[in-house]
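The structure appears right after this line, and notes come after that.
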Amino acid sequence: MKMNFVKDRKDAELMKEIQGRMIEINDYVQNPDRDTFVPLLGDELRERYGNERVLAMADGALWGENDIIEEASEKFTKLFGTFNKRYFDGKLPAYKVIVRLVHRYGVPTIWPAGRSITLLAGLEAFMVTELLDKMAKIAANDFSDSSAAEIDRLCKLGAPIQVFRGGEWLSAEEFIAAISELLAATSES
């Protein structure tokens, strides 16, 4: 069933503008370079810092290893350890989790030889589910999409494969608190 949000000419203009922005975003996602990235930053940055400086910094963010978020990488590396103990009996080898702003095409998201997992920065709860999915692939020694049995096992253990509260994603801290509450309730019964 198609919902029509366009009620008048102003709505039609706004919808066309939103669709244009979505095309720009998709263009960037499909073709990440500074020519598709800088327009997404808006005119204010170019006015404040100058176009050339914004272009140079955009190149740095896209290609210069400045896209790694160290604090989030540390947090998710610790979370890997917590999940490893809780859901995998500590049997997975230690992995470093690298949280990036930009997906690097051709760079594996799970690198067993280098003992690293790469996550794309986004909503923390979604990142947690991605981490668990990658850990399931490591446990199954299957880096394709066929680790469904391992995902089912995690779900039966109460692992937070996806957590929403009131229709909203939880932060990593809320997510961990929800897991702790769930585990406490499970151990009491």
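Of the residues making up the stretch 93-117, just one is surrounded by 14 or more Cβ atoms within 10 Å (Cβ to Cβ), assigned to a loop (DSSP other than H, G, I, E, B) and at pLDDT 95 or above, namely Tyr95.
For (1) over 29 Å from Ile68 (Cα atoms); (2) modelled with pLDDT of 70 or more; (3) surrounded by 15 or more Cβ atoms within 10 Å (Cβ to Cβ); (4) aliphatic (A, V, I, L, M), each residue gets a yes or a no:
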{"position": "Leu119", "(1), (2), (3), (4)": "no, yes, yes, yes"}
{"position": "Ala125", "(1), (2), (3), (4)": "no, yes, yes, yes"}
{"position": "Ala136", "(1), (2), (3), (4)": "no, yes, yes, yes"}
{"position": "Ala139", "(1), (2), (3), (4)": "no, yes, yes, yes"}
{"position": "Ala148", "(1), (2), (3), (4)": "yes, yes, no, yes"}
{"position": "Arg153", "(1), (2), (3), (4)": "yes, yes, yes, no"}
{"position": "Phe175", "(1), (2), (3), (4)": "no, no, yes, no"}
{"position": "Ala185", "(1), (2), (3), (4)": "yes, no, no, yes"}
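The values are calculated or read from the model by the stated rules, or taken from the named source; none is laboratory data. In this text, all values refer to a predicted model and were calculated from it rather than measured experimentally. For neighbour counting, all protein chains shown are included, and Cβ atoms are generated from backbone atoms with ideal geometry for every residue, glycine included.
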